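Presented below is the structure to which this report refers.
Derivation of every value follows stated rules applied to the coordinates shown; laboratory data play no part. These numbers come from a predicted model, not from an experiment. Because the Cβ atoms are built from the backbone with ideal geometry, glycine has one as well, and the counts that use them run over all protein chains shown.
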Amino acid sequence: MVDTGSAVMMGVRLMNGVNACDHVNMSTPGMPLQAALIPDCTKPEAHRAAYRSAKTNDAIFVCIARRGRRWKVELDAMASSKPILPEQTVAVLQSAAEALVVAGTVTNANIGRDYISMWPIESEKKAREIAAAFHAALYGLQQLHIVVPS
């Protein structure tokens, strides 16, 4: 267990065995995580710690988790106090998710204004790539929504 200031993270594993507490907390607004820094929240305690860290840092929660031999991607904008995306911006995320389903990269995708999940994904590497891309997109769309008047 490592104390990262106000958030304690137990068992959160990142790519190449790097622990989330060694180098990074959940990102701050405007700073999406790179693929290698997406937390592996396969264990429930890792999921709780990463979500708590996202809330503490007012960041969009993102993680990957192993489900049997495959992987799942999860993002939750409710961890952040920033405004939820309007429906018209969600269409961009839905279109990208549909393309992943059509390509056979994922079988299931749930895309909403405040939550994204996609599964099953063949490899940890691909799950990290997808999670990082959707995390960046969600942050970018959220920042655009804040700056550009409706």
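Data table
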read-out	value
Sorted peptide list for 131-142, 81-92, criterion being average Cβ within 10 angstrom, highest first	131-142, 81-92
Listed peptides 109-120, 94-105 by packing density, highest first (mean Cβ within 10 Å)	109-120, 94-105
Cβ crowding within 10 Å averaged over residues, with 55-63, 43-51 ranked highest first	55-63, 43-51
Karplus-derived 3J(HN,Hα), 6.51/-1.76/1.60, for each residue of region 69-81, Hz, glycine and proline x	8, 10, 10, 10, 10, 9, 10, 9, 6, 5, 5, 9, 8
When the convex hull of its Cα atoms is projected in every direction, mean area for region 22-150 (nm²)	7.4 nm²
Size descriptor, Kirkwood hydrodynamic radius, that averages inverse alpha-carbon separations across region 107-148, Å	11.4 Å
Point-charge dipole on Cβ atoms (K/R +1, D/E -1) for region 41-150, about Cα centre, debye to 20	460 debye
